[in-house]
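The values are calculated or read from the model by the stated rules, or taken from the named source; none is laboratory data. Not measured: the values here are computed from a predicted model. Using ideal geometry, Cβ is built from the backbone for each residue, glycine included, and neighbour counts are taken over all protein chains shown. In case anyone asks, the SASA skips ligands and DNA or RNA and just uses the protein heavy atoms, side chains included. Shrake-Rupley method; radii C 1.70, N 1.55, O 1.52, S 1.80 Å.
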Amino acid sequence: MSDFIGNPLFASGGITIFEVMSGLARKHNAINLGQGAPDTDGPADIRQAAADATMNLSNQYPSMMGIPELREAVARHNQRFYGLDVDAQSEVMVTAGATEALANAILGLVAPGDEVVLIEPLYDSYLPIVKLAGGIPQLVRVTPPHWELPRDELAAAFSDKTKLVLINSPMNPCSKVFSDDELQFLSELVIKHDAYALCDEVYEHLVFDGRKHRPLMTFPGMRDRCVRIGSAGKTFSLTGWKVGYITACPKLLEPIAKAHQYLVFTTAPNLQHGVAYGLNQDDSYFNGFTAVMENKRDYLMKGLREVGFDVLDSQGTYFITCDFRPLGFEGDDEAFCQYLIEKVGVVAIPVSAFYQQGDVRHFVRFCFCKREEMMEEAIERMKKVFVA
């Protein structure tokens, strides 16, 4: 009998970079600007709504599709912000976070041998799930400092075997918000090759400098070709709740729901009630949330420039990408992050971790969804080491 026990797909992948870096942060008592999780909890009234539901409403299995109140809130959210008419009963499903939603969609739609177009840098769960489904990944990359979409390479990645393209906008880790022109180009490829689009839009309310998020689903011909994923964790700074939601036409949602029923089946009902309350908030919450995060972005960007980094534009998400070469460090991004933890006491993420070929080696990612005093301390620690 072999000494190895387990699925080699997962065994060969190691531990996620976020868990590794967070573990090192604890070990070295470092300030964690790596993992994309706020260091304060979300709105008290949303948490109270979930607490009230825990005490006053059912705590037994809800429908695997989600409680009616949340599905209806998701449908209204689609109409309110994007003009999408969505049927709550047949076109919305609640999941245990956006990662489970991604797994449901990929496992439900991709058959062995189907090709899936992925745009690097990749959030770490995309590729393993595609491979688990038997899909054949076709990788296209955007690279720093400008993250321009390589249209010829993207078009070449599509074929008559393409089942799905996965697009993340606003994009983690590079903070790119795809333009209408880029999204139109992508939609034309999807239609031309009779494919579908899986749209990871968890940062939909984290778009800055007057930009507006526009779902691919709103483009001509894409309403019934898109699976749109949202996240209460990102929208309400409640990442530990792990509540996500999928919007898709019935033809696409049916196989996705079948995957969901065997993976997780359902999501905590009290948290669903809290999220439904949150999605029904008026515009002041959403506008205020975006403004607060934009101010945090500006604060950290300013500090990183003062340290000496070449700071790239951050159009959305929680993240800022920096080129550390102006600091005079000799080594790649992994070595720099190790040095930053052990000698400076600050955690960042090496951007090469988001690429399959690690040739993007002098950029790191910082996260700004943190308290200002925490970011200030991190900046001061870096200035002591890098500023003469």
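Using a probe radius of 1.4 Å on heavy atoms only, what accessible surface per residue do you get for the chain? Whole Å² is fine.
42 Å²
Once the dipole of the chain is set up with Lys and Arg at +1 and Asp and Glu at -1 on Cβ about the Cα centre, which of T40, V364, Y245 lies farthest towards its positive end?
T40
Once the other residues with Cβ under 13 Å from the Cβ of R325 are scored (Lys, Arg +1; Asp, Glu -1), what is the net sum?
-4
Past 19 Å, Cα to Cα: identify those pairs from K176/K296; K296/K343; K302/K370; K163/K251, in the order given.
Check vs 19 Å cut-off fails for K296/K343.
Diagonalise the Cα gyration tensor of region 122-211 and give the resulting equivalent ellipsoid semi-axes, square root of 5 times each eigenvalue, largest first, whole Å.
One finds semi-axes of 22, 16, 13 Å for region 122-211.
Given only helices, namely DSSP H runs of n ≥ 4 each adding -39500 (n - 2.57), what is the per-residue ellipticity at 222 nm of the chain, to the nearest 500 deg cm²/dmol?
-13000 deg cm²/dmol
If we restrict to alpha carbons, what Rg and Dmax does region 301-388 come to, in Å?
12.2, 36
Using Cα pairs under 8 angstrom and six or more residues apart, how large is the relative contact order of the chain, in percent?
With pairs under 8 Å counted, the relative contact order is 24 percent.
What order, most packed first, do the peptides 328-338, 183-193 have when packing is the mean number of other Cβ atoms within 10 Å of each residue?
183-193, 328-338
Determine the percent antiparallel among the DSSP beta bridges restricted to the chain, to the nearest 5.
50 percent
Count the DSSP beta bridges whose two residues both fall in region 93-203, then state the antiparallel fraction as a percent rounded to the nearest 5.
Counting DSSP beta bridges with both partners in region 93-203, the antiparallel share is about 5 percent.
Over the chain, what percent of the accessible surface lies on carbon and sulfur atoms, probe 1.4 Å?
50 percent
On the first, second and third principal axes, largest extent first, how far apart are the outermost C-alpha atoms of region 235-278 in Å?
Dimensions of region 235-278 along the principal axes of its Cα atoms: 31, 20, 15 Å.
Using only C-alpha atoms and all pairs of different ones, pull out the Kirkwood radius for the chain in Å with one decimal.
One decimal place: 21.6 Å for the Kirkwood radius.
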